[in-house]
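Here is the structure we will look at.
The values are calculated or read from the model by the stated rules, or taken from the named source; none is laboratory data. From a predicted model like this one, the values you see are computed outputs, not experimental measurements. Neighbour counts are summed over all protein chains in view; Cβ atoms, including those assigned to glycine, are modelled from backbone coordinates with ideal geometry.
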Amino acid sequence: MMAMTEALFRDDSYLREADAQVVWVNERGGILLDRTIFYATSGGQPGDTGRILRASGEAVEIAGTITGETKEEIIHLPALGQPALEAGEAVTLRIDWERRHRLMRMHTACHLLTVICPYPITGAAVSEEDSRVDFDLPDAGFTKEEVTARLQELIAADHPVSTRWIGDDELAANPSLVKSKNVRPPTGSGRIRLVLIGENGSIDSQPCGGTHVRSLGEIGAIHVGKIEKKGRENRRFRLRFGPLPA
């Protein structure tokens with residue numbers, strides 16, 4: 001069965017709670033809702049955790065969120081031993097906000113890293129503590145101290161972060177918007193979501209379906225913990241929260 005979930009987080013990543021209805025529960029217990037605030041694992045960002053509350057107040061703890069047959073089908077994965085929901089139930093959704101906000105801060109910082117290091121991206125992964133961005137870059141030519149200083153300059157400037165939707169034609173006319181070397185955003189739906197940093201994207205603009213903070217100041221202290229050589233032409237930059245250790 002293929003279905004679509006209204007992804008509320010795409011327009012407002014700060015929603016912590018919302019009402020929804022259960023559409024179906026698959027044979028493995030995965031829950032599909034008509035709408036959700038839970039981000040599904042994609043683009044290097046892990047899916048949300050949290051809970052789904054029944055009308056009775058009984059909670060179903062959600063251990064992860066993934067996509068189904070399409071990106072529009074969002075499946076909520078209950079932790080072991082949770083009560084089973086039924087199709088048609090009206091429920092209330094609550095995400096683990098502290099975890100989500102850390103991921104939003106990290107993901108936005110990864111975008112900043114691509115501004116400082118303007119090279120094709122060969123891989124990325126966002127986590128709560130240690131994230132990475134890999135670049136097609138034969139010789140780093142950067143130090144972790146230099147990149148950390150530039151990150152903190154941008155964060156201190158507290159530029160706004162926003163989103164806008166474009167069509168396939170606009171993306172085709174502006175190929176430089178895509179920073180990934182091997183992965184292109186899905187086309188064909190007529191809508192591609194851009195994440196803009198700075199007024200009208202003056203700092204950065206790139207397709208991304210993830211969640212981000214509203215302004216750079218929210219990221220706080222962050223630093224490059226390591227720059228690693230991964231193959232002849234790949235460099236991995238690792239981001240960690242907190243100031244650069246002395």
| request: Specify which of the listed residues (42, 56, 13) is within 27 Å of residue 134 (Cα to Cα) and modelled with pLDDT of 95 or more. | output: 13
| request: Go through the residues of the stretch 7-26 one by one and say whether even a single one is in contact with a Gly (Cβ under 9 Å, 6 or more places away or on another chain), among the acidic types (Asp, Glu) and either surrounded by 15 or more Cβ atoms within 10 Å (Cβ to Cβ) or not in a strand (DSSP E or B) (or both). | output: no
| Matching residues, the stretch 151-169, being more than 19 Å from the chain's Cα centre (by Cα) and surrounded by fewer than 17 Cβ atoms within 10 Å (Cβ to Cβ) | 153, 156, 157, 158, 167, 168, 169
| field | Pair list, Cβ < 8 Å and 6+ apart or interchain, from the stretch 1-23 residues that are of a type in the set (Phe, Trp, Tyr) to residues that are assigned to a strand (DSSP E or B) | value | 9/36
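When you look at residue 127, is it within 14 Å of the chain's Cα centre (by Cα) and of a type in the set (S, T, N, Q), yes or no?
Values: within 14 Å of the chain's Cα centre (by Cα): yes; of a type in the set (S, T, N, Q): yes.
In short, yes.
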| note | Scanning the stretch 57-101 residue by residue, those touching a Lys or Arg at 6+ places or on another chain (Cβ under 9 Å) and free of Cβ contacts under 8 Å to residues at least 12 places away in the same chain turn out to be 59
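Picking from 176, 131, 202, 127, which residue would you name as being surrounded by fewer than 21 Cβ atoms within 10 Å (Cβ to Cβ), in the same structural domain as residue 227 (by TED's automatic domain parsing), of a type in the set (Ser, Thr, Tyr) and within 25 Å of residue 7 (Cβ to Cβ)?
Details: 176 fails: within 25 Å of residue 7 (Cβ to Cβ); 131 fails: surrounded by fewer than 21 Cβ atoms within 10 Å (Cβ to Cβ); 202 fails: within 25 Å of residue 7 (Cβ to Cβ).
Testing whether each residue is surrounded by fewer than 21 Cβ atoms within 10 Å (Cβ to Cβ), in the same structural domain as residue 227 (by TED's automatic domain parsing), of a type in the set (Ser, Thr, Tyr) and within 25 Å of residue 7 (Cβ to Cβ) leaves just 127.
When you scan the stretch 148-194, how many residues do you find that are hydroxyl-bearing (Ser, Thr, Tyr) and either in a helix (DSSP H, G or I) or at pLDDT 90 or above (or both)? Break it down stepwise before answering.
Within the stretch 148-194, the subset hydroxyl-bearing (Ser, Thr, Tyr) is 148, 162-163, 176, 180, 187, 189.
Remaining after also requiring either in a helix (DSSP H, G or I) or at pLDDT 90 or above (or both): 148, 162-163, 176.
Residues meeting the conditions: 4.
Just to check your reading of the model, which residue among 54, 28, 94 is within 21 Å of the chain's Cα centre (by Cα) and charged (D, E, K, R)?
Working: 54 fails: within 21 Å of the chain's Cα centre (by Cα); 28 fails: within 21 Å of the chain's Cα centre (by Cα).
Testing whether each residue is within 21 Å of the chain's Cα centre (by Cα) and charged (D, E, K, R) leaves just 94.
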| remark: If you go through 195, 178, 126, the only one that is of a type in the set (A, V, I, L, M, F, W, C) and touching a helix residue (DSSP H, G or I) at 6+ places or on another chain (Cβ under 6 Å) is 126
| task | Can you confirm whether the stretch 75-84 contains a residue that is buried (at least 20 other Cβ atoms within 10 Å of the Cβ) and more than 22 Å from residue 47 (Cβ to Cβ)? | result | no
